[in-house]
């Protein structure tokens with residue numbers, strides 16, 4: 001599915017709003033203002049802890065979204081409707097749900113909770129809807145919808161993503177601590193900053209080393225700062241950034257276990 005600006009910036013709320021608009025107006029079709037309302041409603045639900053009510057969305061943005069979906073065969077305009085009324089096609093509904101339940105990466109927790117709520121609360125309504133008339137009903141669409149609305153699979157996929165991120169963070173913490181220990185040992189043995197940097201770069205290369213090697217990064221700093229980066233700051237990052245993040249994700253993992 002091609003994405004416009006609004007889908008790229010806010011994919012979960014946009015695709016959730018398309019599904020909600022279709023589900024709440026099944027058979028009759030929905031209007032541009034319905035999609036805009038659901039975008040604002042869902043963004044309000046998931047942004048409450050950020051001190052914001054919702055992100056601003058304009059009629060022109062939602063109209064461009066609907067026009068693009070019609071061009072791509074993911075929505076149809078109901079004939080002779082004024083103001084315009086739309087319905088998702090089977091392809092449009094399946095791909096919108098797919099964008100929600102199969103995101104390319106681990107997103108914010110509140111977005112997943114929104115998706116899980118929609119699937120759990122309105123899944124039966126969506127299943128019943130695809131048994132009805134055109135343009136949504138077809139046997140392949142019903143099979144796809146059943147797969148996409150499977151709550152157990154949804155939670156399991158999210159759990160696997162969280163487990164992977166926990167593993168990455170644990171490795172980053174381990175290597176940061178090891179960098180600190182190796183640097184302290186080599187400096188205590190009288191090695192130069194350049195020698196210590198080279199040893200660390202060989203054994204524990206950081207993720208952006210191919211963009212800017214550690215030696216180049218440290219050489220650009222005053223020597224005292226460079227030594228501090230290796231001997232102190234690397235371990236502090238483990239304690240102050242990645243450690244707390246790991247703890248938050250571990251708590252999220254426990255919540256997912258409870259949701260299942």
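The values are calculated or read from the model by the stated rules, or taken from the named source; none is laboratory data. Since this is a predicted model, take the numbers as computed values, not measurements. Positions of Cβ are backbone-derived with ideal geometry, glycine not excepted, and every protein chain shown enters the neighbour counts.
Condition first: farther than 23 Å from residue 163 by Cα and not in a helix (DSSP H, G or I). Now tell me which residues in the stretch 83-108 satisfy that. Talk me through it step by step, then tell me what you get.
The initial filter retains those residues of the stretch 83-108 that are farther than 23 Å from residue 163 by Cα, namely 83-97.
Result: 83, 84, 85, 86, 87, 88, 89.
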For this session: Within the stretch 122-133, identify whether any single residue is at pLDDT 85 or above, surrounded by 13 or more Cβ atoms within 10 Å (Cβ to Cβ) and more than 17 Å from residue 21 (Cα to Cα), and answer yes or no.
Result: no
Exercise. Mind checking whether some residue in the stretch 109-117 is part of a loop (DSSP other than H, G, I, E, B) and in contact with a helix residue (DSSP H, G or I) (Cβ under 9 Å, 6 or more places away or on another chain)?
Worked result: no
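Go through the stretch 56-82 and count every residue that is assigned to a loop (DSSP other than H, G, I, E, B) and touching a helix residue (DSSP H, G or I) at 6+ places or on another chain (Cβ under 9 Å).
Count: 6.
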For this session: Would you mind stating whether residue 154 is under 23 Å from residue 7 (Cα atoms) and outside the structural domain of residue 41 (by TED's automatic domain parsing)?
Result: yes
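Could you list all residues from the stretch 210-243 that are more than 18 Å from residue 193 (Cα to Cα), surrounded by 12 or more Cβ atoms within 10 Å (Cβ to Cβ) and without any contact (Cβ under 8 Å) to a residue 60 or more places away in the chain?
Going through the stretch 210-243, the residues more than 18 Å from residue 193 (Cα to Cα) turn out to be 210-211, 236-243.
If we keep only those that are surrounded by 12 or more Cβ atoms within 10 Å (Cβ to Cβ) too, we end up with 236-239, 241-243.
Across the stretch 210-243, the qualifying residues are 236, 239, 241.
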